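> Can you keep this structure in mind? I'll have questions shortly.
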Amino acid sequence: MPTGDADTYLVEAVQRGEPAAWREVIDRYQGRLVSFARRMLAERSDAEDIVQETFLGLLRSLPNYDPNRSLETYLFAILRNKLHDHLRRRPKGQRQSLDQLEPEDTPQAWIDRDTPSGHVASQERLTAQRAALVSGLRQWVEQCTLAGRFQDLIVIEMLVVLGLRNKEVAADLGLTETAVAGIKFRVLEQWRALLQSAPSATEWGEAELARDSTVGRIWREEGVSCLKRSTLGRYLLGVLDEDWNAYIEFHAEQADCDRCHANLADLRSEEQRDAAAHEQLRERCFASSVGFLSQRPG
Ligand SMILES: [Zn+2]
């Protein structure tokens with residue numbers, strides 16, 4: 001499952017209105033969220049303000065939170081929304097970083113700008129289809145990493161994240177175009193097998209292996225191939241093998257995953273982080289949002 005057991009436990013405790021659990025959620029995620037926001041905002045104080053709003057947004061939208069969704073994905077989606085709104089309010093000349101946020105990738109339907117409105121039945125059906133698709137794709141990524149099939153993973157990311165063509169993928173990886181076509185064919189077979197029982201509307205044709213496809217959109221929105229924080233930690237310690245290192249470098253640098261970037265930056269600064277500043281931000285986020293926590297029914 002994409003959601004860690006600890007997160008599931010924490011979210012349930014927060015839904016019951018337990019302040020200690022809420023403080024723990026903030027403590028756990030504030031660092032990577034600030035690192036992410038700082039890629040768009042020069043001022044640390046601006047980044048911290050946005051992160052504070054993000055935690056508030058999480059509490060407000062908690063009644064709509066789907067426990068099958070990873071808490072990190074959910075928080076980053078709220079943060080992207082907040083950043084997008086913030087940057088859009090700036091004068092035109094200062095908006096260059098807005099493009100990086102890809103507002104079309106922001107999963108508006110399930111964030112719904114924090115409005116705890118009820119979902120209609122068709123929306124729920126779509127959400128279930130999407131969850132099945134995400135879970136199947138994540139399973140495939142895990143199979144790739146366990147079996148060391150990192151090249152397949154890189155090829156797919158080049159197609160659905162970077163939007164490259166067969167020819168470009170082949171040139172980049174030093175493969176023939178026939179080899180790339182073979183990988184695509186094989187991967188589609190694997191996806192069909194993994195997702196045959198899922199209520200998915202996807203046809204699983206070649207068209208799904210493109211940036212503007214349903215798979216492409218969901219892949220980027222959900223961070224399907226994003227790395228676990230523990231894996232990134234091991235990468236920084238230098239204890240992973242070469243294939244793993246090469247994949248992580250591809251994913252974070254070449255594919256420019258801002259979420260894994262943010263996690264790496266946060267992990268790198270974790271040791272030299274000013275403990276007092278960390279605590280100060282946590283308490284600020286906590287104080288500004290805890291009032292909403294106690295209003296949770298049941
Ligand atoms: Zn990532």
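> What list of ³J(HN,Hα) couplings, whole Hz, do you get for region 70-80 from phi and the Karplus terms 6.51, -1.76, 1.60, once you set θ to phi - 60° and write x for glycine and proline?
Result, ordered by residue: 6, 4, 5, 4, 5, 5, 5, 5, 5, 4, 4 Hz.
> May I ask you to compute the full-extension gain from residue 27 to residue 210, defined as 0.36 nm times their residue separation minus their alpha-carbon distance, rounded to one decimal in nm?
On the way: separation 183, 0.36 × 183 = 65.88 nm, distance 3.73 nm.
Length gained, residue 27 through residue 210: 62.1 nm.
> Rounded to the nearest 0.05, what FRET efficiency do residue 290 and residue 269 give with R0 = 22 Å and r taken as the Cβ-Cβ distance? Could you check? Can you show the working numbers first?
Values: r = 26 Å, r/R0 = 1.20.
Efficiency at R0 = 22 Å is approximately 0.25.
> Residue 20 versus residue 192, label points 7 Å from Cα toward the beta carbon: distance in nm?
5.3
> Then there is this: Give the long-range amide H neighbours of residue 228: residues separated by 5 or more places, or on another chain, with amide H under 5 Å away, using H modelled in the peptide plane at 1.01 Å from N.
Residues meeting the amide H criterion: none.
> How would you order 69-79, 182-192, 54-64 from highest to lowest mean count of nearby Cβ atoms within 10 Å?
On the way: 69-79: 22.5, 182-192: 15.8, 54-64: 19.9.
Peptide ranking by packing, descending: 69-79, 54-64, 182-192.
> Another question, if that's okay. Can you tell me the dipole magnitude for region 5-294 around its Cα centre, using point charges on the Cβ only (Lys, Arg +1; Asp, Glu -1), in Debye to the nearest 20? Before the final figure, lay out each step's value.
Numbers: 37 positive and 47 negative charges, 116 e Å.
That gives a dipole near 560 debye.
> Starting with the highest mean, order 234-242, 133-141 by the number of other Cβ atoms within 10 Å, averaged over the residues of each peptide.
Details: 234-242: 11.9, 133-141: 20.1.
Listed from highest to lowest mean packing, they are 133-141, 234-242.
> If only Cα atoms are counted, what is the Rg of region 205-298, and what is its Dmax, in Å?
18.4, 53
> How long is the gain from residue 12 to residue 241 if the chain were fully straight, where each residue apart is worth 0.36 nm and the alpha carbon distance is subtracted?
Values: separation 229, 0.36 × 229 = 82.44 nm, distance 3.66 nm.
Stretched fully, the residue 12-residue 241 segment lengthens by 78.8 nm.
> Going out from 0 in 10 Å bins, what whole percent of all Cα-Cα distances in region 5-294 drops into each bin?
6, 26, 34, 25, 9, 1, 0
Only the coordinates and a few stated rules stand behind these numbers; no lab work does. Quantities reported herein were computed from a predicted structural model and do not represent experimental measurements. Positions of Cβ are generated from backbone atoms using ideal geometry, with glycine treated the same way; all protein chains shown enter the neighbour counts.
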